[in-house]
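First the structure, in the form of structure tokens, and then the observations on it.
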Amino acid sequence: MMVEPSPLTASVEFCCPAQSIIRGAQLEKAKEGGLDAIETYVFWNAHEPSRRQYNFDGNLDLVRFIKSIQDEGLYAVLRIGPYVCAEWNYGGFPVWLHNMPGIEFRTANTVFMNEMQNFTTLIVDMMRKEKLFASQGGPIILAQIENEYGNMMSHYGDAGKAYIDWCAKMADSFKIGVPWLMCQQSDAPQPMINTCNGWYCDSFTPNNPNSPKMWTENWTGWFKSWGGPDPHRTAEDVAFSVARFFQYGGTFQNYYMYHGGTNFGRTSGGPYLTTSYDYDAPLDEYGNLNQPKWGHLKELHRVLKSMEKTLTHGNISSIDFGNSVTATIYATEEGSGCFFGNANSSTDATISFQGSEYVVPAWSVSILPDCKNEEYNTAKVNAQTSLMVKRSNEAEEEPASLKWVWRPEIIDGPIHEGKGKFAASQLIDQKQINDESDYLWYMTSVNLKEDDPIWSDNMSLLVNGSGHVLHTYVNGEYLGSDWATYGIFNYKFEQQVKLKPGPNQISLLSATVGLQNYGPMFDLVQSGIPGPVELVGRKGDERIVKDLSGHKWSYRVGLRGMEDKLYGPQSDNQTNWLSEELPTKRRMTWYKTTFKAPLGSDPVVLDLLGMGKGFAWVNGNNIGRYWPSYLAKEDGCLTGPCDYRGSYDNNKCLTNCGKPSQRYYHVPRSFMGKDVNTLVLFEEFGGNPSRVNFKTLAVGTACGNAYEKKTLELSCQGRPIAGVLFASFGDPQGTCGSFTKGTCDAERDVLPILQKECVGKDSCSIQVSEEKLGKTNCGGNIVKRLAVEAVC
Ligand code: GAL
């Protein structure tokens with residue numbers, strides 16, 4: 001039996017430790033935004049952290065999440081994977097899996113398949129037991145097995161095909177009573193439904209003519225890397241892609257992400273993905289409406305849904321006007337609905353349809369639910385634009401009020417003597433430690449005599465890195481560090497070193513920055529120090545190499561401060577924090593302070609400007625890796641306005657070049673108490689905590705923009721509108737924050753009208769018409785609109 005899929009769903013990342021924040025408010029906002037379903041991945045590594053030891057507690061309570069979706073009156077789409085990609089550490093695979101003898105990932109390998117089957121069965125049984133599948137009366141209307149395997153399959157040869165067939169058989173054997181999806185799998189075996197992922201999926205056709213045309217991931221923006229600028233995909237372009245998809249027979253469309261959120265702790269994938277997973281999604285990292293994207297899509301959903309009957313039952317016909325301009329007509333006996341699409345990226349089109357003329361701007365779709373009146377055009381944004389502001393913590397005078405104490409990370413005897421917890425005669429892949437920590441010490445000793453071939457005045461240590469961060473120490477002294485800069489992951493660290501006759505101790509600290517989550521055989525991508533590690537002696541032109549890679553290496557996982565839980569609440573009782581002479585620019589340093597939670601209920605961010613790289617904890621909760629000293633690359637950002645026209649990709653409309661790729665870190669209010677809260681930072685590179693402070697985030701400016709015959713709506717999202725600074729009814733120019741009057745305007749000043757209707761209210765709405773706002777001097781050719789700038 002096929003369950004008719006609902007047309008619009010949202011994707012919400014499930015599993016982040018602050019899951020509770022999306023349970024209520026964000027689900028409500030998704031529903032209010034016109035969505036019918038919440039799509040979520042299931043994160044295997046979070047739920048099975050050690051083999052056969054499961055965790056579905058607290059924020060990992062999957063059943064509760066699905067039930068919350070149901071309580072909100074929404075459907076659910078369960079993407080079990082269990083490979084998920086998702087910019088999530090190791091693509092969601094538990095790292096212990098890598099260490100099972102004989103395993104090969106994502107191919108016809110019995111060790112892998114047994115584990116995958118075990119976890120998938122567990123999830124399916126858990127859902128079934130709670131009657132959560134739609135066939136049992138529950139909210140889950142669709143499930144997914146694997147993830148974009150089709151993009152990788154050619155690398156796995158025949159075994160890849162055998163594997164995907166096995167995936168399909170296994171999924172089907174569960175008899176869950178709702179369809180299974182396989183995204184980006186153009187040979188999906190029946191009855192799996194092959195679906196599309198991407199920025200545009202209008203020209204996608206599933207491999208089975210009986211399958212509905214479905215879009216599992218419409219990327220609403222993009223993710224961010226350390227060293228990467230801020231991605232931005234315009235509301236106009238997202239709406240264009242959605243409208244075009246439904247123009248061309250789409251039945252199900254999911255936003256990835258609708259609410260991306262934050263990758264707390266060590267959940268961020270790699271290489272080098274930031275803690276923020278904002279994604280420029282319609283709900284921002286903190287759950288605020290990302291306006292105008294949220295509102296522009298909400299209106300699109302309303303119009304599409306008003307046509308549901310016509311779209312799902314109508315006969316389809318189309319007209320090609322040339323130059324990428326088309327009309328699609330859905331007709332039933334009761335009536336018809338039309339889409340006029342213009343995929344030309346620069347030329348507006350004027351078309352004549354059933355005796356009337358219509359202007360369809362470049363790169364837009366007009367929707368006419370009755371085939372007569374344009375009710376929506378993807379390029380005409382009537383939703384408000386909100387500019388967010390960060391406000392100081394009103395509970396105290398930060399940063400001055402923050403009294404810091406500090407402690408050095410203890411790099412002591414055992415490290416300098418090379419005494420680890422286990423040893424091997426090789427450099428190991430850091431995955432061998434089951435990803436218990438970002439940090440792994442690689443330690444070895446090399447005995448040198450003055451007659452050693454490398455012995456010279458010019459000796460250096462050379463380490464081939466995999467891109468993760470490297471800190472080197474020789475004979476107890478720090479030598480230097482290296483890390484991947486701007487996407488180059490195979491650096492060679494080389495630095496001159498003073499060695500002594502006799503034993504020399506080499507201690508290398510490797511710090512992973514999220515394990516690879518995508519690519520063919522990504523699971524095998526080396527992490528840690530692949531080597532070789534060499535001592536190089538130079539005598540004149542001669543270069544003599546001593547390869548230490550095959551030496552006996554001793555290993556120690558993690559850092560002392562982490563073992564001693566310096567980040568946790570109990571560390572308060574420890575007395576060996578120092579309060580004198582707070583060091584700055586000091587490597588491997590722990591800092592601690594107490595703070596008062598910001599007043600009110602606005603989301604809270606921690607401003608870490610001045611710090612290098614490390615981890616931050618609030619009351620023992622790991623809020624993720626921080627690295628504000630890593631600046632986004634200098635070039636590639638927008639130099640003029642962002643043009644929504646033309647195909648989007650993640651290199652378009654970038655901002656924030658040359659600035660910290662992530663300066664602000666989300667601290668969920670659920671991590672904080674009312675009274676004294678503790679912030680602990682572990683600083684790896686050296687930083688200055690004296691500027692660190694907490695801020696709250698809220699709408700600062702709200703700009704309304706609406707075309708004639710539409711309604712302009714303004715809201716400060718939960719606080720009263722404080723004032724209206726600008727209003728013009730005509731062809732106002734500029735963008736929110738810098739509006740100016742255009743070539744024409746209303747004959748009387750419309751500002752007082754807006755002030756009267758809006759100031760002091762939580763929200764206001766105004767009909768954009770000459771009746772309400774008075775006549776203009778615009779003439780016939782100008783499409784009039786009202787633009788308003790309000791302060792919150
Ligand atoms: C897709 C993948 C998602 C996510 C996305 C990029 O290929 O299925 O999990 O990684 O790319 O954000």
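Read the figures in this text as sums done on the coordinates, not as results from a lab. What you are looking at is a predicted structure, and each value in this text was computed from that prediction instead of being measured. So basically every Cβ, Gly included, is an ideal-geometry build from the backbone, and we count neighbours across all protein chains shown.
Of the two radii for the range 115-162, the radius of gyration is 1.14 times the Kirkwood radius, both from the alpha carbons; that is the Rg over Rh value. Amide H contacts of Val667: Val604, Val605, Leu606, each under 5 Å away and 5 or more positions distant or on a separate chain (H built 1.01 Å from N in the peptide plane; Pro and chain starts excluded). Cα axis of helix 293-306 to longest principal axis of the chain: angle in degrees, 0 to 90, nearest 10? Helix 293-306 sits roughly 50 degrees off the main axis of the chain. Quick one: of Lys403/Lys633; Lys129/Lys431; Lys380/Lys652; Lys31/Lys710; Lys431/Lys652; Lys565/Lys674, which pairs are farther than 25 Å apart, Cα to Cα? Where the Cα-Cα span goes over 25 Å, the pairs concerned are Lys403/Lys633; Lys129/Lys431; Lys431/Lys652. D for the range 255-340, whole µm²/s, Stokes-Einstein with Kirkwood Rh over alpha-carbon pairs at 37 °C and 0.692 mPa s: what number? It diffuses with D of about 205 µm²/s by this estimate.
Using only the Cα atoms of the range 396-515, construct the convex hull and provide its projected area averaged over every direction, in square nanometres to one decimal.
Hull-based average projected area comes out at 11.0 nm².
Size estimate for the range 186-278 follows the Kirkwood approach: the inverse of mean 1/r over distinct Cα pairs works out to 14.8 Å.
If the only charges are +1 at each Lys and Arg Cβ and -1 at each Asp and Glu Cβ, what is the size of the charge dipole of the chain around the Cα centre, to the nearest 20 debye? Spell out each step's value before the answer.
Details: 73 positive and 89 negative charges, 211 e Å.
With only Lys, Arg, Asp and Glu charged at Cβ, the dipole is about 1020 debye.
Phi angles of the range 690-701 translate, via the Karplus equation with coefficients 6.51, -1.76, 1.60 and θ = phi - 60°, into HN-Hα couplings of 5, 9, 4, 7, 9, 9, 10, 10, 8, 5, x, 10 Hz per residue; Gly and Pro are given as x.
What percent do you get for the relative contact order of the range 653-792 when only Cα pairs under 8 Å and 6+ apart count? Before the final figure, lay out each step's value.
Values: 233 pairs, mean separation 44.8, N = 140.
Once divided by the residue count of the range 653-792, the mean separation gives 32 percent.
Can you give the convex hull volume of the alpha carbon atoms of the range 545-638 per residue, in Å³?
Values: hull volume 21.9 nm³, N = 94.
Considering the Cα atoms of the range 545-638, their hull volume per residue is 233 Å³.
Applying both filters, DSSP loop and at most 14 other Cβ atoms within 10 Å, to the GluC sites (Glu not before Pro) of the range 530-622 gives Glu580, Glu581. A crude spin-label estimate for the pair Leu524 and Ala400, with each label 7 Å from Cα along the Cβ direction, gives 6.1 nm. With contacts taken as Cα pairs under 8 Å and at least 6 residues apart, the range 344-484 reaches a relative contact order of 10 percent.
Rg and Dmax of the range 34-160, both derived from C-alpha coordinates alone, stand at 15.3, 48 Å. Its residues counted as N, the range 105-214 yields a C-alpha radius of gyration over 2.2 N^0.38 Å of 1.09. Computing Rg and the Kirkwood Rh from the Cα coordinates of the range 484-634 gives a ratio, Rg/Rh, of 1.03. The phi-based Karplus calculation (6.51 cos²θ - 1.76 cosθ + 1.60; θ = phi - 60°) puts the 3J(HN,Hα) values of the range 755-772 at 4, 5, 6, 10, 4, x, 9, 5, 7, 8, 9, 10, 5, 8, 7, 5, 4, 7 Hz, whole numbers, x for Gly and Pro. Amide H to amide H, with H built 1.01 Å from N, Tyr256 comes under 5 Å of Asn218, Trp219, Thr220, counting only residues 5 or more places away or on other chains.
The orientation-averaged shadow of the Cα convex hull for the range 280-324, equal to a quarter of the hull surface, comes to 5.2 nm².
For Leu479, nonlocal amide neighbours, meaning residues 5 or more places apart or on other chains whose placed amide H falls under 5 Å from its own, are Thr472, Tyr473, Val474.
Once the piece of chain linking Lys31 and Lys674 is laid out straight, how much longer is it, given 0.36 nm per residue of separation minus the C-alpha distance between them? Don't skip to the end; give the middle numbers.
Numbers: separation 643, 0.36 × 643 = 231.48 nm, distance 3.08 nm.
Length gained between Lys31 and Lys674: 228.4 nm.
Where in the range 592-617 does the amide nitrogen come within less than 17 Å of the point 7 Å from the Cα of Ser392, taken along Cα to Cβ? Within reach of a label on Ser392: 595-600, 605-609.
Taking Cα atoms only, the orientation of helix 110-129 departs from the longest principal axis of the chain by about 50 degrees. Dividing the C-alpha radius of gyration of the range 523-570 by 2.2 N^0.38 Å, with N its residue count, gives 1.90. Principal axis extents of the C-alpha atoms in the range 590-719 (largest first, rounded to whole Å): 56, 38, 21.
Report the calculated FRET efficiency for Asp451 and Ala159 (r = Cβ-Cβ distance, R0 = 60 Å), to the nearest 0.05. Walk me through the numbers on the way to the answer.
Working: r = 54 Å, r/R0 = 0.89.
FRET efficiency, Asp451 to Ala159: 0.65.
Set the Förster distance to 60 Å, then compute FRET efficiency between Asn576 and Arg719 from the Cβ-Cβ distance, nearest 0.05. With R0 = 60 Å, the Cβ-Cβ based efficiency is 0.85. Given their separation in residues at 0.36 nm each and the Cα-Cα distance between them, Arg538 and Ser324 gain 70.5 nm when the chain is fully extended. Of the GluC sites (Glu not before Pro) in the range 269-340, the ones in a loop by DSSP (not H, G, I, E or B) with at most 11 other beta carbons within 10 Å are Glu333, Glu334.
Rounded to the nearest 0.05, what FRET efficiency do Lys498 and Leu609 have when you use their Cβ-Cβ distance and R0 = 41 Å?
For R0 = 41 Å, the calculated efficiency reads 0.70.
Take the Cα gyration tensor of the chain, multiply each eigenvalue by 5, square-root it, and list the three semi-axes largest first, rounded to whole angstrom. Write down the numbers at each step before the final one.
Details: eigenvalues 497, 220, 121 Å².
Largest first, the chain gives 50, 33, 25 Å.
Under a no-solvent Debye model with one identical scatterer per Cα of the range 647-731, what's log10 I(q)/I(0) at q = 0.14, 0.16, 0.21 Å⁻¹? Log-scaled intensity ratios, in q order: -0.93, -1.05, -1.18.
Using Stokes-Einstein with the Kirkwood hydrodynamic radius over Cα pairs, what translational diffusion coefficient do you get for the range 686-792 at 20 °C and a viscosity of 1.002 mPa s, in µm²/s rounded to a whole number? Please list the in-between numbers first.
Details: Rh = 14.8 Å.
Taking Rh from Cα pairs, D becomes 145 µm²/s.
In the chain, helices alone account for a calculated mean residue ellipticity at 222 nm of -4000 deg cm²/dmol, with every DSSP H run of four or more residues adding -39,500 (n - 2.57).
Evaluating 6.51 cos²θ - 1.76 cosθ + 1.60 at θ = phi - 60° for every residue in the range 558-569, the Karplus couplings come out as x, 10, 4, x, 6, 4, 7, 6, 5, 7, x, x Hz, glycine and proline recorded as x.
In the chain, the longest principal axis of the Cα atoms and the axis of helix 157-173 are about 60 degrees apart.
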